[in-house]
Amino acid sequence: MLDDYQDLIDELLGTPALVRTLFTNAEGAPPENAVRAVSALHERDKIVLDRLQHLTRESAPPYFKQLPALDAALVAAPIPADLDAFLGEFDTARGDLVSLLMNLTLKDWERVATDDVEGEISLAEEV
């Protein structure tokens, strides 16, 4: 089980550099749909980080609303005006999320919240 989490953390860590490389190597500006997809991913990272912080810091199980559907998230994702600054923000937010995940104890992975859809959901399931 820990190997699965480590694999996830490794993938999460590598994504910002991969995105930056892909955007840098794009001929001209990267396609708007690609930028919007990364922007949606960044927005999701911020939501998940907030949810995980609540899960690890609150003594009572927190209540979570359902995450936005992928289609809705893509439509709502802002297109950044400054791509370099945005990629830095994406990298920092992803780093914050990974840092939280790396510092979880085995007991933390079992903490639970109440979810609109699933009812009770563990931190591991949330991740």
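Of the residues R57, R36, which single one is on the phi < 0 side of the Ramachandran plot, surrounded by fewer than 16 Cβ atoms within 10 Å (Cβ to Cβ) and at pLDDT 85 or above? The unique qualifying residue is R57. Quick check: anything in region 87-100 in a loop (DSSP other than H, G, I, E, B), farther than 19 Å from E126 by Cβ and in contact with a helix residue (DSSP H, G or I) (Cβ under 9 Å, 6 or more places away or on another chain)? Within region 87-100 (the criterion being in a loop (DSSP other than H, G, I, E, B), farther than 19 Å from E126 by Cβ and in contact with a helix residue (DSSP H, G or I) (Cβ under 9 Å, 6 or more places away or on another chain)), the answer is no, since none of the residues qualifies. The residue list D50, D71, D82, D91 contains one member that is closer than 29 Å to T24 by Cβ, surrounded by fewer than 18 Cβ atoms within 10 Å (Cβ to Cβ) and either under 12 Å from the mean Cα position of the chain (by Cα) or of a type outside the set (D, E, K, R) (or both), which is D91.
The residues in region 1-59 that are under 29 Å from E110 (Cβ atoms) and of a type in the set (F, W, Y) can be counted, and the count is 1.
Restricting to region 24-73, count the residues that are in a loop (DSSP other than H, G, I, E, B), of a type in the set (A, V, I, L, M) and touching a helix residue (DSSP H, G or I) at 6+ places or on another chain (Cβ under 9 Å). Residues flagged as in a loop (DSSP other than H, G, I, E, B), of a type in the set (A, V, I, L, M) and touching a helix residue (DSSP H, G or I) at 6+ places or on another chain (Cβ under 9 Å) within region 24-73 amount to 3.
The values are calculated or read from the model by the stated rules, or taken from the named source; none is laboratory data. The structure presented is a predicted model; accordingly, all values stated were derived computationally and were not measured. Note: ideal-geometry Cβ built from the backbone for every residue, glycine included; neighbour counts use all protein chains shown.
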